[in-house]
Amino acid sequence: MEILKKPASGKKYKRNFSSVAMLTATIAAAVITVFVLLFLIGYILVNGLPYLEPEMFSLTYNSENASFMPAIINTVIMTGFSLIIAAPLGIFAAIYLAEYARRGNKIVGIVRTTAETLSGIPSIVYGLFGMLFFVTSLQLGYSLLAGAFTLSIMILPFIMRTTEEALKSVPDTYREGSLGLGAGKLRTTFKIVLPSAIHGILAGIILAIGRIIGETAALIYTAGTVPEVPENLLSSGRTLSVHMYILSKEGLHTNQAYATAVMLLITVLVINTLSAFAAKKIAKGRS
């Protein structure tokens with residue numbers, strides 16, 4: 001028996017078997033997703049927290065303490081420099097595609113297709129490219145700089161696409177009103193459109209940070225696996241994800257690998273929280 005419902009908008013809709021089935025499937029998918037997330041977090045915490053020891057926070061790594069403190073420092077440095085390279089390029093490229101390029105332009109179509117293709121390339125391919133180009137051809141060696149350049153290429157298409165979608169979500173009436181009041185195209189873009197799209201842009205950057213922190217394959221071939229605090233950007237160093245991979249691969253520090261997984265989880269949560277807080281402050285300052 002079909003039941004008629006009347007929502008606040010005044011329109012009537014029918015609740016039949018198919019709608020109930022879709023609602024049930026949606027709720028089940030959400031519950032399963034939350035359960036899997038909680039299970040993964042709980043599994044990592046249960047297996048890793050007992051092995052978090054004070055010596056693992058030492059600035060010097062050795063075979064006895066398996067310290068991950070140098071890896072944390074390398075992770076922060078790698079994340080910062082990758083964003084410094086990729087974020088401006090991705091944002092300005094998206095501004096051109098969304099605000100300045102003519103609709104139906106063939107070059108725009110090629111750029112978008114290229115960005116989508118780059119997004120689907122496996123990270124190991126980026127690592128091999130970074131090793132051949134940045135490490136060998138440019139003679140940067142296994143260094144944090146080579147790893148940052150490689151990661152910036154990886155996240156560039158993602159930042160560009162998310163920024164473009166955020167700019168497209170801004171109503172055209174904002175642009176028309178600004179232009180109608182005598183503002184130029186450049187002023188309209190940077191004073192009206194960008195502040196309105198800042199939430200979407202920063203959300204894309206936060207997701208890019210998560211990919212940088214969790215990347216392993218590309219960094220093994222470019223940044224190297226030296227477990228030390230780098231002297232400069234041309235020094236080799238391992239990030240937390242690479243550190244965890246090396247420990248689990250050796251098979252001699254499995255417990256420390258679980259402890260590193262806990263620290264990696266905490267690092268991701270802290271960086272994402274700080275990024276979200278900064279995003280809210282920037283958005284509030286723009287409003």
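The values are calculated or read from the model by the stated rules, or taken from the named source; none is laboratory data. For clarity, every value in this text was computed on a predicted model and none was experimentally measured. Because the Cβ atoms are built from the backbone with ideal geometry, glycine has one as well, and the counts that use them run over all protein chains shown. When the accessible area is computed, the model is the full protein with side chains, heavy atoms only, and any ligands, DNA or RNA have been set aside. Shrake-Rupley method; radii C 1.70, N 1.55, O 1.52, S 1.80 Å.
Quickly run through segment 80-110 and pick out the residues that are more than 21 Å from the chain's Cα centre (by Cα) and either within 25 Å of Thr222 (Cβ to Cβ) or of a type outside the set (Lys, Arg) (or both). Result: Tyr96, Leu97, Ala98, Glu99, Tyr100, Ala101, Gly104, Asn105, Ile107, Val108, Gly109, Ile110.
The one condition from (1) within 30 Å of Glu215 (Cα to Cα); (2) open to solvent by 10 Å² or more (accessible area, probe 1.4 Å) that Glu164 does not meet is (2). Of the residues making up segment 62-92, those that are surrounded by 15 or more Cβ atoms within 10 Å (Cβ to Cβ) and not in a helix (DSSP H, G or I) are Asn65, Ala66, Ser67, Phe68. In the set (1) open to solvent by 50 Å² or more (accessible area, probe 1.4 Å); (2) closer than 21 Å to Ala94 by Cβ; (3) at pLDDT 90 or above; (4) β-branched (Val, Ile, Thr), the condition left unmet by Ile159 is number (1). Ile206 falls short on exactly one of the conditions (1) of a type in the set (Val, Ile, Thr); (2) in a helix (DSSP H, G or I); (3) surrounded by 22 or more Cβ atoms within 10 Å (Cβ to Cβ), and that condition is (3).
When you scan segment 93-116, do you find a residue that is under 21 Å from Ile213 (Cα atoms), touching a helix residue (DSSP H, G or I) at 6+ places or on another chain (Cβ under 7 Å), surrounded by 13 or more Cβ atoms within 10 Å (Cβ to Cβ) and of a type in the set (A, V, I, L, M), even just one? The answer is no, given that none of the residues of segment 93-116 is under 21 Å from Ile213 (Cα atoms), touching a helix residue (DSSP H, G or I) at 6+ places or on another chain (Cβ under 7 Å), surrounded by 13 or more Cβ atoms within 10 Å (Cβ to Cβ) and of a type in the set (A, V, I, L, M).
Just wondering, is there one or more residues in segment 246-259 that are closer than 27 Å to Ser119 by Cα, outside any helix (DSSP H, G or I) and in contact with a Ser or Thr (Cβ under 7 Å, 6 or more places away or on another chain)? Before the answer, list the steps.
We begin by selecting, within segment 246-259, every residue closer than 27 Å to Ser119 by Cα; these are 246.
Those still in the list that are outside any helix (DSSP H, G or I) too: none.
No, that holds for no residue.
Taking the criterion of being β-branched (Val, Ile, Thr), in contact (Cβ under 8 Å) with a residue 40 or more places away in the chain and open to solvent by 30 Å² or more (accessible area, probe 1.4 Å), the only residue of segment 118-152 that qualifies is Ile124.
Can you tell me which residue in segment 218-259 is least open to solvent (accessible area, probe 1.4 Å), limited to those that are more than 28 Å from Leu140 (Cα to Cα) and out of contact with any helix residue (DSSP H, G or I) (no Cβ under 7 Å at 6 or more places or on another chain)? Per the criteria, the residue is Gly251.
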